[in-house]
Each structure stands twice: as structure tokens, then as C-alpha cells.
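Structure provided below as C-alpha cells; questions to follow.
The values are calculated or read from the model by the stated rules, or taken from the named source; none is laboratory data. Since the structure is predicted, the reported quantities are computational estimates derived from the model, not experimental observations. For neighbour counting, all protein chains shown are included, and Cβ atoms are generated from backbone atoms with ideal geometry for every residue, glycine included. To get the accessible areas, we keep the full protein, side chains included, count just its heavy atoms, and leave off ligands, DNA and RNA. Shrake-Rupley method; radii C 1.70, N 1.55, O 1.52, S 1.80 Å.
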Amino acid sequence: MAENEWLNKDFYKVLGISKDASDQEITKAYRKLARKYHPDLNKTKEAEEKFKDISEAYDVLNNKEERKKYDAIRQFAGGGARFAGGSGQGGFGGGASDFSDIFGSMFGGGAGGPGNVHFSTSGGGPSNLNDIFSMFGNAAGQGAGGYAGAGAPFGGMGGGSSTYREPPKPRRGEDRNSKITLTFRQAVKGATVSLKAGGRKFKTRIPAGVKTGQKIRLPGKGRTGIDGGANGDMYLHITVRDDPKFSMEGHDIVMPLPITIGQAVSGARVKARDFDGDEVTFKVPAGTSSGTEVRVGGKGVPGHDGDLVGRVEIRVPSKPTMAQKRDAKEFDKSAGEYVDEVAKERL
């Protein structure tokens, strides 16, 4: 039985508490150690053995009757008590407290009367600590030191019959959704913007080339995790304001490129201003029609392989002169079958 081993075990030391610790202090100490050494949380062999010792100590000290017996045995051992066998005339004695007085105060009377308690090793009397405790009913060691902790209240349950409860599992925080509107320049060039989440302000970098409808994930900027879990993420929904001249298609920056009839027919090198206001030159091939796209390489979204695209728009005078009208008719006559082909596309 476990009582045989109690003389050599200091349960108070195992839990790291004083001998006059309250029930609450015993429970608090057990919970703290259980979190550290439970085999489900700590896979080492040393932790497994340590947890068994912790559970045994808690099972005894958390039970008032068991604790009384344990304290009595420890006090008895500390007082220098001894067995005397044979005729039954020997006894327990010595020290500041007699064994019979200890058990008499605990259980309402001694085993051998008011004097020293005598135990005989023959004649049917109790001959060891197991027999001693059998005189008092339930044995002190039953249920003590079970692997899962028969009296373990971890997770907030008390009492001697509750079982160990797993600590709550970490849960990831919920994601947040937020919206932001950017100027076209911010979208093309990228920008550092200030945001606010959970009452805290922070800055983040918007990459170059974002577009309306796009979502940007900001890791860890969602709601706080629960029981040590990771924070959620923030998803930033993008809206980009239109620019009166430029637009984005993929990583290309697109702009209108107005040219004359003569430039379209004969071809030309046409100068224009790019998104940054720098002068660029588009090469318009002869025979270009409206809607044709011409490019200047490497002038698209920064950091990507996009181009600056000029989309040709053939312009004519809104109030042509008589000479211009005459020349236009002469041009159509000289075009011959081409005029008829264009007419067929309209039918």
C-alpha cells in the first residue's frame, strides 16, 4: 500500500508548497505543475515520472482524511518512533508526540488506550503499517498517484473523483475586411498608407500595379488569437480612382495617341508625354488605322515588364476647308477598291 512509502516522500516539497498550505494553494500548485509536466504536453520520460509524483502528491494532500494520515505518519517518523515486536510489550515512543496521541486525536481514540500503542507480530494483531491503517477503514493510498491524476482538478474541477482536463487549445483570431481607395498614381507606383485595426494604427506598403477589386492580405492584422493562438489576417479591398488620360491593362499603361490622316497613311514618329511627364516617341507605321496599338517598351508599371501603349485615334478637322474636302475626295478616288472594302464592312 502507498502508506508504506509515505515516510520517504515529501509531498509538500513535490508541489513546492508549505506544510500549512490551504486547499486553494494546493490546487493552484498542482495546476501549474500539471501544465508543465503532463505527458500530452511534455513528451520526455522525465516529465512522465514527474507527473506521476505530482499526481500522487495532489491525490493525498487534496483529500482531508488522507492528508491527516500523511501528516501523522510524517510527524511520527520525525519524532523517532519505532516498532517493537514479539510479546507485544514493546511500543511506539519518543519524540515530541506519541503515535497513539496522534492517531487518537485524528480518529477518536488510540489503538492501544491512553498509553503507548503496542503491536504484536504474532497472535493476529497488526504487524506493519498496512495492518495499522486497515484498523481505520479505507486505506490511504487507494487511488493515489494514478497516471491521469484521480483527484486532479486541472481545468477548474475540484474533488477527488474528477479527471484531468486538457488545457484549451489555441484558436486563431478571426480575419478582418477593410476597404481603401487609391489614386491612379498610387495604384501605378505603389504607396505606403496608414491603416487602423483594433484601435491601433499601422502602416503598410501597397505594391505597384494594384487594381480595383483586388484584395491584399496583411498577415497578423486581423483579430487577436484566443488562448495563445495566432492573430487573424486583414484583407484590404482595393478601389482605384480613374485617371482622365491613362489606364492600366495588366502591367501596361495605356494612353490615347491622336494622329492625323496623313500620319496614319504615310507613317510617322509621334512624340507624346508618358505617365511621369517625360517625353517619349511612338513609331506609327504607314497604313495605321484607329485602334491600332503602338508601344514604348519598359514604360509600364514600375518593377514589371509592362509597356507604355499608345492607342491610335485618327483625328480629322471638325470644320474642314473646301481644299481639305477636295483633297479627301481625291484621296478616296485614288484608294480605288479600298473604299469599296470599307463600305462592305458597314453592311
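So, G306, is that one open to solvent by less than 50 Å² (accessible area, probe 1.4 Å), within 27 Å of Q214 (Cα to Cα) and either of a type in the set (D, E, K, R) or not in a strand (DSSP E or B) (or both) or not?
Against the criterion (open to solvent by less than 50 Å² (accessible area, probe 1.4 Å), within 27 Å of Q214 (Cα to Cα) and either of a type in the set (D, E, K, R) or not in a strand (DSSP E or B) (or both)), G306 qualifies.
With R241, R311 as the choices, which residue is at pLDDT 95 or above, surrounded by fewer than 14 Cβ atoms within 10 Å (Cβ to Cβ) and either within 21 Å of Q186 (Cβ to Cβ) or basic (K, R) (or both)?
On the way: R311 fails: surrounded by fewer than 14 Cβ atoms within 10 Å (Cβ to Cβ).
Exactly one residue qualifies, and that residue is R241.
Something else: Identify, please: which residue in the range 208-233 is over 20 Å from the mean Cα position of the chain (by Cα) and touching a residue at least 60 places away in the same chain (Cβ under 8 Å) and is, among those, most open to solvent (accessible area, probe 1.4 Å)?
Per the stated criteria, the residue is A208.
With the structure loaded, tell me whether T281 is within 30 Å of P207 (Cβ to Cβ), in contact with a strand residue (DSSP E or B) (Cβ under 9 Å, 6 or more places away or on another chain) and polar (S, T, N, Q) or whether it fails that test. Break it down stepwise before answering.
Values: within 30 Å of P207 (Cβ to Cβ): yes; in contact with a strand residue (DSSP E or B) (Cβ under 9 Å, 6 or more places away or on another chain): yes; polar (S, T, N, Q): yes.
So T281 fits the description; yes.
Could you please find all residues in the range 174-185 being open to solvent by 60 Å² or more (accessible area, probe 1.4 Å) and outside any strand (DSSP E or B)?
The initial filter retains those residues of the range 174-185 that are open to solvent by 60 Å² or more (accessible area, probe 1.4 Å), namely 174-175, 177, 179, 181, 185.
Result: E174, D175, R185.
From the set of residues in the range 273-284 that are in a strand (DSSP E or B) and open to solvent by less than 20 Å² (accessible area, probe 1.4 Å), which is farthest from P317 (Cα to Cα)?
Of the range 273-284, the ones in a strand (DSSP E or B) are 273, 279-284.
The next check asks that each one be open to solvent by less than 20 Å² (accessible area, probe 1.4 Å); those that pass are 280, 282, 284.
On the way: V280: 25, F282: 22, V284: 20 Å.
So, considering only residues that are in a strand (DSSP E or B) and open to solvent by less than 20 Å² (accessible area, probe 1.4 Å), the one farthest from P317 (Cα to Cα) is V280.
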